[in-house]
Amino acid sequence: MTETLFYHLERRTLDDVLPGLVERTLERGWRALIRAESAERADAIDTRLWTFHDGFLPHAQLGDGEAARQPVLITVEEGNPNKADVLFLVGGAQPPAWDGAAKDFTRIVLMFDGHDPGAVEAARGAWKDAKAAGHEATYWKESPAGKWEKQG
């Protein structure tokens, strides 16, 4: 089954956290797919990855170049056009069917804004659905010191 990580963003923003997680994904030799809920969010992520650490993380948006060759692909569409190992779901992007396409990924990382009650409720629903489909789900929360800690 797919390892599913739920990242509860309370102290730092998606823009602060996502690039580091993508960087660690690439360091493992894995490919990443970032699915956003809107074209506007996808554009913002694209810009952020170009400026991460005064450099950039190699990536493209779906439609820019050959998707299958991209180590990191940003999209609003379903599917896995770059054969990613890790799917990042951001901004309320919906997960793939837990009993279907979710199995195509080694890891799914669902990142949600802890200050948005709707996002928290949606994450709870996704958690229940992932567990019901037999996926290993873990919940991560940032400590006051800024480290991610696995909860319970």
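Can you pull out the residues in region 14-52 that are surrounded by fewer than 17 Cβ atoms within 10 Å (Cβ to Cβ) and within 16 Å of Leu110 (Cβ to Cβ)?
Correct list: Glu37 only.
For Val76, are the conditions met, namely being crowded, with 21+ Cβ neighbours inside 10 Å, under 14 Å from the mean Cα position of the chain (by Cα) and not charged (D, E, K, R)?
The answer is no for Val76.
With respect to Gly20, determine if the residue is farther than 18 Å from Leu62 by Cβ, in a helix (DSSP H, G or I) and small (Gly, Ala, Ser).
Answer is yes for this residue.
Determine which member of the set Ala93, Ala123, Ala145 is modelled with pLDDT under 95 and among the small types (Gly, Ala, Ser).
Ala145
Would you be able to say whether some residue in region 79-87 is of a type in the set (Asp, Glu), in contact with a helix residue (DSSP H, G or I) (Cβ under 9 Å, 6 or more places away or on another chain) and modelled with pLDDT of 95 or more?
Yes - at least one qualifying residue is present in region 79-87.
Among (1) of a type in the set (D, E, K, R); (2) over 20 Å from Lys147 (Cβ atoms); (3) in contact with a Lys or Arg (Cβ under 6 Å, 6 or more places away or on another chain), there is one condition Asp15 misses while meeting the rest; what is its number?
Among (1) of a type in the set (D, E, K, R); (2) over 20 Å from Lys147 (Cβ atoms); (3) in contact with a Lys or Arg (Cβ under 6 Å, 6 or more places away or on another chain), Asp15 violates only (2).
The values are calculated or read from the model by the stated rules, or taken from the named source; none is laboratory data. Worth saying up front: this structure is predicted, and the values here are computed from it rather than measured. Every residue, glycine among them, receives a Cβ derived from its backbone with ideal geometry; neighbour counts consider all protein chains shown.
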